[in-house]
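Novice: My structure is below; once you've seen it, I'll send some questions.
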Amino acid sequence: MTFYRDARGLYRTAGLDTLEWLDYGFGTRHVQDWPPAPAAIVKQIHSNRWLHADGQSGVLGCADAVLTATPGTWVAVRTADCVPLLLADERTHAVAAVHAGWRGTVANIAAAAVAGMYNLFGSRPEDLRAAIGPAICGDCYEVSAEVAAQFRRWFPERDDLDRKTRVDLAETNRRQLVEAGLDESRIDSGAPCTLTGSGDFYSYRRSPGERGRMVTAIAVRR
């Protein structure tokens with residue numbers, strides 16, 4: 001399995017584990033005191049905006065991705081059913097934490113974060129590794145016809161996106177990362193579903209609705 005749960009209760013991936021200079025984890029509802037230091041976060045607005053954290057912590061502003069190459073600076077996003085996405089550059093040691101709900105996914109926040117890493121740090125897509133964390137899966141995420149129609153660009157093979165149906169946010173983000181230039185073999189996916197998973201996760205779509213969020217965080221080691 002690409003994803004596994006470590007001794008801290010965090011979900012991790014085989015691909016990001018190859019980077020010895022990196023600390024990261026996809027949190028669950030059970031993990032406390034994560035990350036281990038104050039993190040730079042954003043007021044998440046379901047956009048394709050990113051912000052740069054250069055040693056800061058706390059809320060930087062309104063956006064849905066946080067980028068840094070500063071050792072010791074944690075960047076983080078909070079999710080339940082939305083997609084948490086981590087990016088790490090093997091060459092420049094830059095990283096990003098991304099929040100992708102359906103609106104941010106349609107706005108291509110994943111590709112915007114890749115472009116932001118290039119603009120700030122000179123990160124090349126071919127040097128990036130990515131991990132797409134626990135989110136509601138494509139078998140569970142039912143949306144209206146109006147929402148489904150906005151995913152046609154990434155699923156040209158589907159003929160049901162003109163009606164109420166299910167869409168796969170994680171797969172959409174994976175395809176967007178490939179479009180942005182990442183090698184498919186360097187994208188870790190297949191994380192557990194937050195709705196039907198092991199009970200490790202919050203889900204807004206579970207009945208009764210839950211309002212908690214998990215923290216996904218990443219940092220360059222000092």
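The values are calculated or read from the model by the stated rules, or taken from the named source; none is laboratory data. These figures come from a predicted structure and were not determined experimentally. Virtual Cβ from ideal backbone geometry, glycine too; neighbours counted across all protein chains shown.
Novice: Please enumerate the residues belonging to the stretch 34-70 that are part of a strand (DSSP E or B), exposed (fewer than 14 other Cβ atoms within 10 Å of the Cβ) and among the aliphatic types (A, V, I, L, M).
Specialist: As a first pass, look at the stretch 34-70 and keep what is part of a strand (DSSP E or B): 39-44, 51-52, 58-63, 65-68.
Remaining after also requiring exposed (fewer than 14 other Cβ atoms within 10 Å of the Cβ): 43, 58-59, 61-62.
Scanning the stretch 34-70 gives a single hit, Val59.
Novice: Here is a further query. When you check Leu120 against the structure, is it in contact (Cβ under 8 Å) with a residue 60 or more places away in the chain and surrounded by fewer than 18 Cβ atoms within 10 Å (Cβ to Cβ), yes or no?
Specialist: Considered against the rule, which asks whether it is in contact (Cβ under 8 Å) with a residue 60 or more places away in the chain and surrounded by fewer than 18 Cβ atoms within 10 Å (Cβ to Cβ), Leu120 comes out as yes.
Novice: For Asp64, indicate whether it is of a type in the set (Asp, Glu), under 19 Å from Glu171 (Cα atoms) and out of contact with any Phe, Trp or Tyr (no Cβ under 6 Å at 6 or more places or on another chain). Working first, answer last.
Specialist: On the way: of a type in the set (Asp, Glu): yes; under 19 Å from Glu171 (Cα atoms): yes; out of contact with any Phe, Trp or Tyr (no Cβ under 6 Å at 6 or more places or on another chain): yes.
So Asp64 fits the description; yes.
Novice: OK, next. Looking only at the stretch 157-166, decide whether some residue is surrounded by fewer than 20 Cβ atoms within 10 Å (Cβ to Cβ), within 24 Å of Asn48 (Cα to Cα) and over 14 Å from the mean Cα position of the chain (by Cα).
Specialist: Within the stretch 157-166, one or more residues are surrounded by fewer than 20 Cβ atoms within 10 Å (Cβ to Cβ), within 24 Å of Asn48 (Cα to Cα) and over 14 Å from the mean Cα position of the chain (by Cα).
Novice: Looking at the stretch 92-185, what helices (runs of 4 or more DSSP H) fall wholly within it and have at least 1 residues that are over 25 Å from Glu20 (Cβ atoms) and basic (Lys, Arg)? Even if it seems obvious, please write down each step before you answer.
Specialist: On the way: elements: 102-106, 109-121, 145-148, 169-179.
So the answer is 102-106, 169-179.
Novice: Would you be able to tell me the number of residues in the stretch 195-219 that are touching a Ser or Thr at 6+ places or on another chain (Cβ under 7 Å) and closer than 17 Å to Leu86 by Cα?
Specialist: The number of residues fulfilling the criteria is 4.
Novice: In this structure, is Ser198 surrounded by fewer than 17 Cβ atoms within 10 Å (Cβ to Cβ) and modelled with pLDDT under 95?
Specialist: yes
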